[in-house]
Amino acid sequence: TLSIKTPTINNLLVTTNKNYTNVTGITFDGANNYIVSNSNSHYMNINDCEFRNGGDVGIYFDSQYGTIRNCTLTDIVKDAIWAIDSDQEITNNVVRRVGIHEGLSAVGGRTAGMRIGGNNILVKYNTIDSTAYHGITFSNAYDTIANNTISNFCLHLNDGGGIYTDGITGTILGKYID
């Protein structure tokens, strides 16, 4: 028996200009674009949630002073977490199978378990397993990438890395790359 599931909603949770939002203990499954899209909503905390089957990005975080903790992100097409603003903490998360399904990944397969592009972002104690391209990519010298476990990256492309610095020098501590 063949089972086909198709998401019918573009984004499951969208916050814009909503400060001090807490999202805890929710399972999100299926979206065409973003599972969570957070723009200009400062102090958002996402804790103990599960994100599955994201069509583009699991969590898009374009807000200051937020946290993503103890979450699991599985089977995301492009980027599991994409953080582009400042003063965020992304800790103790598990990311599995990003961009690895043939025919579904982003143009050219340029995917990442975590894509970090803001200032003063701490990415620590995360586990990332099985990505088409980068495990973690970051593009700001003021970010800290520390004590993450990264395995099975560059499954579709071979010019990336477990931790890819995008040409800048940031702080990388205790890398566990397999």
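Odds and ends about this structure:
- Shown here for segment 1-104: GluC sites (Glu not before Pro) in loop regions (DSSP other than H, G, I, E, B) with at most 10 other Cβ atoms within 10 Å, namely E102.
- The modelled label-to-label distance between T144 and I168, using points 7 Å beyond Cα along the C-beta direction, is 1.6 nm.
- Dipole in debye (nearest 20) - the chain, about Cα centre, beta carbon charges: Lys, Arg +1; Asp, Glu -1: 160
- Counting every alpha-carbon pair across the chain, the share separated by more than 24 Å comes to 29%.
- All other residues whose Cβ lies under 12 angstrom from that of Q88 are scored, Lys and Arg at +1 and Asp and Glu at -1, for a net of -3.
- Packing-based ranking, highest mean first, of 53-59, 140-146 given that Cβ atoms within 10 Å are counted: 53-59, 140-146
- Accessible surface calculations at 1.4 Å, restricted to protein heavy atoms, place segment 1-100 at 46 Å² per residue.
- Centre separation in Å (Cα based) which lies between segment 70-86 and segment 120-178: 13
- Charge dipole (Cα centre; +1 on Lys/Arg Cβ, -1 on Asp/Glu Cβ; no other charges) of segment 32-115 amounts to roughly 240 debye.
- By average C-beta atoms within 10 angstrom, highest first, the peptides 117-126, 155-164: 117-126, 155-164
- Highest average packing first - 22-29, 63-70, Cβ atoms within 10 Å: 63-70, 22-29
- The portion of the accessible surface of segment 42-168 made up by carbon and sulfur, rounded to a whole percent, is 42 (1.4 Å probe; DNA, RNA and ligands excluded).
- Three-way shape label, segment 45-100, alpha-carbon gyration tensor, a/c 1.5: oblate
The values are calculated or read from the model by the stated rules, or taken from the named source; none is laboratory data. Predicted model, so just to flag it, every value in this text is computed and none were measured. All Cβ positions, glycine included, derive from the backbone under ideal geometry; neighbour counts span all protein chains shown. When the accessible area is computed, the model is the full protein with side chains, heavy atoms only, and any ligands, DNA or RNA have been set aside. Shrake-Rupley method; radii C 1.70, N 1.55, O 1.52, S 1.80 Å.
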